[in-house]
Every structure is written in C-alpha cells, then in structure tokens.
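Please treat every number below as a calculation from the coordinates, not as lab data. All figures in this text were calculated on a predicted structure; none of them were measured in a lab. So basically every Cβ, Gly included, is an ideal-geometry build from the backbone, and we count neighbours across all protein chains shown.
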Amino acid sequence: MDLTLIGGMATGIAVFSGLMAIVSGGASTEPSLGERLRAWREERIAGARNQLAQARLDLRPETYLAVSIVAPLVLGIVGLVLSVPMAIIGIVAGAFVPRLYLRYLVAGEARAADDEAPRVLRSMVNRAAAGGTYPDLFSAAVEVARHRWVKADFEEVLGRYYANEPLAEALATLRPRQAGRNLALVFDALSVLAVTHQPASAAADVLGSLNEAARSNQSIGRQAAAESRGLRIQALILAIVIPALFFYLLVVNRELVAPVVDTTLGRLVLLPAAALLEVAGVVLSWRATRLEV
C-alpha cells in the first residue's frame, strides 16, 4: 500500500515535470532566420545612421549600405579585366573603401569640433558664472562658435528649448551627432544637469572642469599632429609616386613593364602582389603615424 502510494506520487511528479518542460520549451522558441536578418539589418542601419550624422552627410543609411554592397561588385568587375586575383583585391578594397571614407569624414569633424570646444566652453562658463540661464549658455555658445555644425547644433538646442521641448530630450537628440569627444562630454554633462534639474549656476563648475580638460587635450593633440604631419606627407608621396611611375612606364615604354602586364606570372602573381604591398604600406604607414589623444 505504501509502495503503491509512493509510486503514484513519483509518477505524478514525472508527468508534471514533463509537461513543464514541454511548455517551457515551446515558450522559448528561437528567432527565425528572417527575424535574425531583420535584426541584423536594423542594427546596421542604426550604426550607419549615427556615423552619417557624425560625418554630417545628408545621406540615408539605406543608401550608404547599398553603396557598401555595390562598391565591392564594381571594383571586382574592374579588377577582373586584369586577372582573377585583381578581382579579389577589388572586392576586398570595395568592402573597405566606403567605411574608410566615412571614418575619414568623422575624424575630420571630430578634429574641428575639438578645436571649437575650449572656446565654446569658456564662453558658456563665463555666462553661467554671470548668472545666466540655460538659454543664455546656448546663446553664448552660438555667438563664439566658428565651425558651422557646432554653431548649428547649439542653435537647434536653443530652438527646441523655446519650442517647449524638454531640455534633456533636446540634448539627447543631438548627442549622437557629436564626433568630437570634448563636445560629446559637454552634451553629456548638460544632459545630466537637465535630468537632475540642476540650476544653470551649477553648470559653471562642471563645464569649468571640462574646459580645463579640453584645453589640455587640444594642446596635446596639436603637438601630436605637428609631429606626425611630416611622416604622413612622406607616406602620401610614396603612395602616389610609385603607382604613378608604373602607369607612366606603361604608357611611355610598355616593354619595361611587359613582364608584369603581358605575362601570366605578372598578371596572376606580380601585379596582385604589388597592389597588396602598396595598400598594406599605405595602411601601415598611416596607422604608424596616427597619434590619438
């Protein structure tokens, strides 16, 4: 009798556990392939949108992603005219060219914004110390800003503020556009002050500390740029002269470069190897002379 009761209880527990396993297994279904592709696409679009905003390019993220797909195909077809290895190099180069160009634009905007940061911060600190309100701080930034996008951003913040949009939301909208680290910190600090409902007078100490850091970063950045400028110029000259000399010989005296362009060994081995060495030399030289603060 006791064994029958124990067996019934064990059977009930086993059935209950099996049912719970089936129910939990059905509830935690993995996303389908279509859902994964849509999530991947949305992630790529969001990343491209932020980069395009920082580069100040009036281009849809979908268009940029389409260019990123078409560029390898076009360069691959161009390279196929010479040889299959050159087609492969063209595909690889096409996959990186749009990204590198966008990163170049973002880096340029970051340098320009960082140059503006000390001037803008100094004006905002002075206005806050004089008892100004948040609109006064933004107006002071607009008055001294020289870079058009820095000026436009603070004008937009000021316009959104007068349009009765919450200050924290206005700052959060413009924060992803900031390519420069110093101005990004300014927007972050202002967002924290707005969220915590701090008075504008509290911004004087916070922005004053950021101003000291921005001036130090600007000084170090200019020194690093001055030291690396000569090396970059040399790398750029070599990157231009060597291919230009090859094409010059190809037009003027083809016999000198015939082993490279008219033989199977040249088209399949020598020319692709030269192209790879050229690209690798440019990339390595650029990275070696890039000094970041």
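Here the Karplus curve 6.51 cos²θ - 1.76 cosθ + 1.60, taken at θ = phi - 60°, turns the phi angles of region 240-250 into couplings of 8, 5, 5, x, 5, 5, 5, 5, 5, 5, 5 Hz, with x standing for Gly and Pro.
Pairs of Cα atoms under 8 Å, at least six residues apart: use those to get the relative contact order of region 222-288, whole percent.
Values: 22 pairs, mean separation 24.0, N = 67.
The value is 36 percent.
Please arrange Val142, Val78 by how many other C-beta atoms lie within 10 Å of their C-beta, fewest to most. Kindly include the intermediate steps, with their values, before the conclusion.
Working: Val142 18, Val78 14.
Ranking Val142, Val78 by Cβ neighbours within 10 Å, fewest first, gives Val78, Val142.
Rounded, prolate or oblate: which fits region 39-95, taking a ≥ b ≥ c as square roots of the Cα gyration tensor eigenvalues, rounded meaning a/c under 1.5, else prolate when a/b beats b/c?
Working: a/c = 3.50, a/b = 2.47, b/c = 1.41.
It comes out prolate by the Cα gyration axes.
Protection proxy ranking for 124-133, 61-70, using the average of other Cβ atoms within 10 Å per residue and placing the highest first: 124-133, 61-70.
Which shape class applies to region 109-217: rounded if a/c is under 1.5, otherwise prolate when a/b exceeds b/c and oblate if not, where a ≥ b ≥ c are the square roots of the Cα gyration tensor eigenvalues? Verdict is rounded for region 109-217.
For a paramagnetic label modelled at 7 Å from the Cα of Ala152 toward its Cβ, which residues of region 178-192 fall within the zone defined by backbone nitrogen distances under 18 Å? Label zone hits: 178-180, 183-184. Between the beta carbons of Glu42 and Leu265, assuming R0 = 41 Å, the FRET efficiency works out to 0.30 to the nearest 0.05.
The distance from the alpha carbon centre of region 100-151 to that of region 160-201 is 13 Å, rounded to a whole number.
First check a/c for region 222-288, with a ≥ b ≥ c the square roots of the eigenvalues of its C-alpha gyration tensor; if it is under 1.5, answer rounded, and if not, answer prolate when a/b is larger than b/c or oblate otherwise.
On the way: a/c = 6.85, a/b = 2.25, b/c = 3.05.
Oblate shape, in that a/c is at least 1.5 and b/c is the bigger or equal ratio.
Order of 243-249, 117-123, 85-91 by packing, highest average Cβ count within 10 Å first? Don't skip to the answer; put the middle values down first.
Values: 243-249: 12.4, 117-123: 22.3, 85-91: 18.9.
Most protected by this proxy first, the peptides run 117-123, 85-91, 243-249.
Summing Lys, Arg as +1 and Asp, Glu as -1, what charge do residues with Cβ under 14 Å from the Cβ of Val260 carry, Val260 excluded? Net charge in that neighbourhood comes out at -1. The residues packed around Thr173, meaning those with a beta-carbon under 13 Å from its beta-carbon, carry a net charge of 0 if Lys and Arg are +1 and Asp and Glu are -1.
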